[in-house]
Amino acid sequence: MLYTGANPAFWAKAFIRDIWSVATLGQRYGLAGQTIKRIPKALQVAFASEYKSRVGGIENPLWREFRMNGGRTGFIESQRDLLDKREDIQRELLAMGELNLKSSPEKIKQALSRAFDWLTYVGSSFEGAVRFAAYTAARDTGLSALQAGNVAKEITLNFNRKGASKEAQV
């Protein structure tokens, strides 16, 4: 996880790979252009929904439908929400007081855990946004939720696939 979902360097590489996959594989479904146009809005929905699902809020209904119909695979909210989250982390760190290895190992562990949670939340948002854009494009063409979920899963690297080609999945 540290090398993938919680790694900002990986997010950029994977996001570009996913957009490239949509531009090429999306043609198979006739959805390349529509999916790419939807990515900016999909990023907003993904960030907001991922954040709300972690703090107990209500996620976007279409995002929920996307998740429930298999659009997400195993292996992010607007700019204002990211700034709010950053402020929350800063506030929590200040509330912890002085941190040092001798007197505060639990506080340091807690701070690192929160930072890791934030990193995985952002990584999950980038991961889901391109798939969500494909899902909404597929739904708008008349595909069922289940069919659109399959398109979203297959339009870029499907982490749920197993088999001989797994080593080639980069």
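The values are calculated or read from the model by the stated rules, or taken from the named source; none is laboratory data. The structure displayed is predicted, hence computed values, not measured ones. As a convention, Cβ positions derive from the backbone with ideal geometry for all residues, glycine included, and neighbour counts pool all protein chains shown. Ligands, DNA and RNA are stripped out before the accessible areas are found, and what is left, the full protein with its side chains, is counted by its heavy atoms. Shrake-Rupley method; radii C 1.70, N 1.55, O 1.52, S 1.80 Å.
Please find, among 13, 37, the residue that is out of contact with any Asp or Glu (no Cβ under 9 Å at 6 or more places or on another chain), at pLDDT 90 or above, open to solvent by 20 Å² or more (accessible area, probe 1.4 Å) and in a helix (DSSP H, G or I). Spell out how you get there, then give the answer.
On the way: 13 fails: at pLDDT 90 or above.
Sole residue among the options that is out of contact with any Asp or Glu (no Cβ under 9 Å at 6 or more places or on another chain), at pLDDT 90 or above, open to solvent by 20 Å² or more (accessible area, probe 1.4 Å) and in a helix (DSSP H, G or I): 37.
Check residue 22 against each of (1) modelled with pLDDT of 80 or more; (2) open to solvent by 40 Å² or more (accessible area, probe 1.4 Å) and name the one condition it does not meet.
Residue 22 satisfies all of (1) modelled with pLDDT of 80 or more; (2) open to solvent by 40 Å² or more (accessible area, probe 1.4 Å) except (2).
Can you tell me which residue is modelled with the lowest pLDDT among those in the range 140-156 that are more than 12 Å from residue 62 (Cβ to Cβ), open to solvent by 40 Å² or more (accessible area, probe 1.4 Å) and in a helix (DSSP H, G or I)?
Of everything passing the filter in the range 140-156, 153 is modelled with the lowest pLDDT.
Whether any residue in the range 127-139 is among the hydroxyl-bearing types (Ser, Thr, Tyr), modelled with pLDDT of 85 or more and surrounded by 19 or more Cβ atoms within 10 Å (Cβ to Cβ) is what I want to check.
Yes, because at least one residue in the range 127-139 is among the hydroxyl-bearing types (Ser, Thr, Tyr), modelled with pLDDT of 85 or more and surrounded by 19 or more Cβ atoms within 10 Å (Cβ to Cβ).
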